[in-house]
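Asker: Take this structure first; my questions come after.
Only the coordinates and a few stated rules stand behind these numbers; no lab work does. If you're wondering where the values come from, they're calculated on a predicted model, not measured in any experiment. Glycine also receives a Cβ, built like all others from the backbone with ideal geometry; neighbour counts cover every protein chain displayed.
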């Protein structure tokens, strides 16, 4: 099996190439898979990938919400939250992830129920694909720094 770094380099190249060749849905789909994996990594390093009842935290939105909740614990009077998580997964980044996820979901539903014209869908898939590169880069960096500094703590 190839190492994780090589795996991500290949996916990032494929995402960029898909966008360049105007396969915007494919580029966004690749971005989605990378985001799922990097958020799963952040969950592992900040308390685990399950809820207290043992259920897996599976969907992208659930992962984002759980990271927001873990980060928010920093603000309670006992400061039990994860300071490293808060340092790398800023509220700004988590808000951007939520926005990207919502746009992707809205787009998928609009494609299924025909509530947008083909021109609107084309524009929105292009914009989502375009924004994917930065959100993936920021999320990968945050997950990498969390992993790197968690192992030092």
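Asker: With everything on Cα atoms, drop me the angle between helix 60-72 and the longest principal axis of the chain, reported from 0 to 90° to the nearest 10.
Answerer: Taking the Cα atoms of the chain, the angle to 60-72 is about 30 degrees.
Asker: I want to make sure I understand the PRE zone here: with the label point 7 angstrom from the Cα of residue 108 toward its beta carbon, which residues in segment 124-148 have backbone N atoms less than 19 Å away?
Answerer: Those under the cut-off are 124-133, 135-136.
Asker: Taking the Cα atoms only, what angle lies between the long axis of helix 4-20 and the longest principal axis of the chain, rounded to 10 degrees?
Answerer: Once rounded, the angle reads 30 degrees.
Asker: If you average the sequence gap of Cα pairs under 8 Å that are 6 or more apart and divide by the length of segment 4-152, what percent do you get for the contact order? Could the numbers behind the result be given before it?
Answerer: Numbers: 128 pairs, mean separation 46.4, N = 149.
31 percent.
Asker: Report the gain in length on full extension from residue 87 to residue 150: 0.36 nm times residue separation, minus Cα-Cα distance, nm rounded to one decimal.
Answerer: Working: separation 63, 0.36 × 63 = 22.68 nm, distance 1.15 nm.
Between residue 87 and residue 150, full extension yields an extra 21.5 nm.
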